[in-house]
Amino acid sequence: MAAVVSLKHVIKCYRRGRQVLEVLHNLDLEVEAGEFLALMGPSGSGKTTLLNLIGGLDQPTEGEVVVAGEDIDRLSGGELARWRSRHVGFVFQFYNLMPTLSAERNVELPLLLTPLSAAQRKQSVDAALALVGLTDWRKHRPNELSGGQQQRVAIARAIVADPTLLVCDEPTGDLDRQTAEDVLGFLQQLNRTQGKTIIMVTHDPKAASFASRIVNLDKGALVPAPAMASV
């Protein structure tokens, strides 16, 4: 399969006054289409920094980041925003839902920047909510939903525009164990039945076991880990 994500010789540095802190060190990584990859590592290892580079939320200091066939490290801010809207769906630990909007309106938000008609947006929202099993909860606001349901709304929002890539930053970090396993099982199903490419940052080995491949990040360098048995 072709690589959806290809990073070559990537270095990421941050400046703190006169000090330069190198967070990622000459990093290479490829992720194939349809893969479910878990990025593991201790706090401060650079996992979220790496995910932000792949998702186009940040750019490398040096090196090449090619995602969905686009050399995104060369894009301007506006070009990068347009690219993200077409190719990347984001799922975060704390859901990032708009509290005053219903589930269906939260899911619809990414589509408001597209040329789709209201009827087309409704059709896409209906399909996304059905996929995560929340059709009957479409009119509920976030505070009327459980944590697991809120995360499913966030996943529906992430997939509603049919992105090339789904990036998840500790998506179950705020959930109890059973709810977390339900959400992870859904992500696994999304990967297997819909062929979605997923990259997930997690510190939890149990969560990582739902992925098809695990890569460890240690002090800004990638350390391959053996694939774990499917759950």
*With each run of n ≥ 4 DSSP H residues scored as -39500 (n - 2.57), what mean residue ellipticity at 222 nm is computed for the chain after dividing by its residue count and rounding to the nearest 500 deg cm²/dmol?*
-9500 deg cm²/dmol
*Measure off 7 Å from each Cα along the Cα-to-Cβ vector at Ala81 and Asp204, then give the distance between these two points in nanometres to one decimal.*
3.4
*Lys, Arg +1 and Asp, Glu -1 on Cβ, resulting dipole of the stretch 3-224 about Cα centre, debye, nearest 20*: 460
*Within the stretch 102-140, report the trypsin sites (Lys or Arg not before Pro) that DSSP leaves as loop and that have at most 14 other Cβ atoms within 10 Å.*
Lys139
*Additional length obtainable on full extension of the chain from His9 to Glu144, 0.36 nm per residue less Cα span*: 44.0 nm
*Specify the inter-centroid distance of the stretch 93-111 and the stretch 158-172, based on alpha-carbon positions, in whole Å.*
14
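Where a number appears in this text, it was derived from the coordinates with a stated rule and is not lab data. Every value quoted in this text rests on a predicted model; they were computed, and no experiment measured them. Using ideal geometry, Cβ is built from the backbone for each residue, glycine included, and neighbour counts are taken over all protein chains shown.
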